[in-house]
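Everything on this sheet refers to the single structure shown next.
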Amino acid sequence: MRRKIVLFLIITICFLLQTTVFQAITFANIAPNLLIIVVSAFGLMRGKKEGLIIGFFCGLLIDIFFGFYLGVYALLYMYIGYINGVFQKRFYPDELRLPMVMIGASDLVYNLVIYCVMFLMRRRFHFGYYLTSVILPEFVYTMVITIFLYFILLKINQRLEAYEKRRATKFEL
């Protein structure tokens, strides 16, 4: 139960930061995608199922508040969480390279899918412009924020796991 409450708080805080504070301090109208960081990080740390569930709720928040069609972002974030969860066996908490690569790849895939769904389907073929003015700046900004936010999420996850282990051994006795 404690994990669910903490995850709810993390998702809510990151959503609020992404949509308010980071919108106020944008660079060239680009803000980092904190929810991609949360979904990817917890997918890597906790596995496919939790990555999928967290991805669904993060995407649903975006769908409800900003989406044109309900479910597009939820489905996209679910896939991102699930695919990151596939790499859980290769995840080591001390290693920063895999999370950085996976979060970066998730951000790039996310933006490419959004381009295809929102622009390409409407016959807006300005991919070069979209790449240089949206995808790459958001990628860089997200990677910079990842360095800080990832370690916070990692520490929260380690504390939750330690609490769950203490609680499990307490009930075994």
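The values are calculated or read from the model by the stated rules, or taken from the named source; none is laboratory data. None of these values were measured; they are calculated from a predicted model. A quick note on method: Cβ atoms are made from the backbone with ideal geometry, for glycine too, and the neighbour counts reach across all protein chains shown. These area figures cover heavy atoms from the full protein model, side chains too; ligands, DNA and RNA do not enter into them. Shrake-Rupley method; radii C 1.70, N 1.55, O 1.52, S 1.80 Å.
Sort 42, 57 from largest to smallest accessible area, using a 1.4 Å probe on the heavy atoms of the protein chains. Don't skip to the end; give the middle numbers.
On the way: 42 0, 57 110 Å².
In descending accessible area the options line up as 57, 42.
Sorted by accessible area with a 1.4 angstrom probe, largest first, how do 19, 132 fall?
Working: 19 40, 132 90 Å².
Solvent-accessible surface, decreasing: 132, 19.
Along the charge dipole of the chain, Cβ charges K/R +1 and D/E -1, which of 86, 160, 10 sits furthest on the positive end?
160
In deg cm²/dmol, rounded to 500, what helix-only [θ] at 222 nm does the chain give when every DSSP H run of at least 4 residues adds -39500 (n - 2.57) and the total is split over its residues?
Details: 7 runs with 121 residues, N = 173.
Result for the chain, helices only: -23500 deg cm²/dmol.
Tell me which DSSP H helices of the chain clear both cut-offs, 27 Å or more of axial length from alpha-carbon atoms and a mean Kyte-Doolittle hydropathy of at least -1.0. Before the final figure, lay out each step's value.
Numbers: long enough: 136-172 (51 Å, 0.22).
Both cut-offs are met by 136-172.
Given 0.36 nm per residue, what is the gain on full extension from residue 170 to residue 117 after removing their alpha carbon distance, in nm?
On the way: separation 53, 0.36 × 53 = 19.08 nm, distance 5.01 nm.
Extending this stretch completely gives an extra 14.1 nm.
Give me the accessible area of residue 100, 1.4 Å probe, in Å² rounded to the nearest 10.
Using a 1.4 Å probe on the heavy atoms, I get roughly 40 Å².
Can you give the convex hull volume of the alpha carbon atoms of segment 1-96 per residue, in Å³? Walk me through the numbers before you get to the answer.
Values: hull volume 10.8 nm³, N = 96.
Given the Cα convex hull of segment 1-96, per-residue volume reads 113 Å³.
For the chain, with a Gaussian network of springs between Cα atoms less than 10 Å apart, report the residue from 152, 54, 80 with the top mean-square fluctuation.
152
Accessible surface of residue 69 in the full protein assembly, 1.4 angstrom probe, to the nearest 10 Å²?
130 Å²
Multiplying the sequence separation of residue 162 and residue 88 by 0.36 nm and subtracting their Cα-Cα distance, what value in nm do you get? Before the final figure, lay out each step's value.
Details: separation 74, 0.36 × 74 = 26.64 nm, distance 1.82 nm.
The span from residue 162 to residue 88 would gain 24.8 nm if fully extended.
List the chymotrypsin sites (Phe, Trp or Tyr not before Pro) within segment 125-157 that DSSP assigns to loop and that have no more than 13 neighbouring Cβ atoms inside 10 Å.
Numbers: sites: 125, 127, 129, 130, 139, 141, 148, 150, 151; in loops: 125.
Passing both the DSSP loop test and the Cβ count: 125.
Work out, step by step, the length gained on full extension between residue 21 and residue 151: first 0.36 nm times the residue separation, then minus their alpha carbon distance; give nm to one decimal. List each step's numbers first, then the result.
On the way: separation 130, 0.36 × 130 = 46.80 nm, distance 2.00 nm.
So the extension gain works out to 44.8 nm.
Starting from the 7 Å offset along Cα-to-Cβ, what nm value, one decimal, do you get for the label separation of residue 28 and residue 49?
About 4.3 nm separates the two model spin labels.
For segment 114-161, state the average projected area of the convex hull of the C-alpha atoms over all orientations, rounded to one decimal in nm².
Working: hull surface 17.8 nm².
Projected area, direction-averaged: 4.4 nm².
What Kirkwood Rh does segment 41-173 have if only Cα atoms enter the pairwise 1/r average? Answer in Å.
Working: mean 1/r = 0.0616 Å⁻¹.
Every distinct Cα pair counted, the radius reaches 16.2 Å.
For segment 16-70, state the average projected area of the convex hull of the C-alpha atoms over all orientations, rounded to one decimal in nm².
On the way: hull surface 17.1 nm².
With every direction weighted equally, the projected area is 4.3 nm².
For a Förster distance of 35 Å, can you work out the FRET efficiency between the beta-carbons of residue 97 and residue 124, rounded to the nearest 0.05? Don't skip to the answer; put the middle values down first.
On the way: r = 36 Å, r/R0 = 1.01.
The value I calculate is 0.50.
Sort 144, 72 from largest to smallest accessible area, using a 1.4 Å probe on the heavy atoms of the protein chains.
On the way: 144 75, 72 45 Å².
Final ranking, largest accessible area leading: 144, 72.
How much of the accessible area of the chain, in percent, comes from carbon and sulfur atoms when a 1.4 Å probe is used? Show your work: numbers first, answer last.
Details: 7240 of 10440 Å².
It is 69 percent, rounded to a whole number.
Treating only the Cβ of Lys, Arg, Asp and Glu as charged (+1, +1, -1, -1), what charge dipole size does the chain show about its Cα centre? Round to the nearest 20 debye.
Numbers: 18 positive and 9 negative charges, 99 e Å.
I would put it at about 480 debye.
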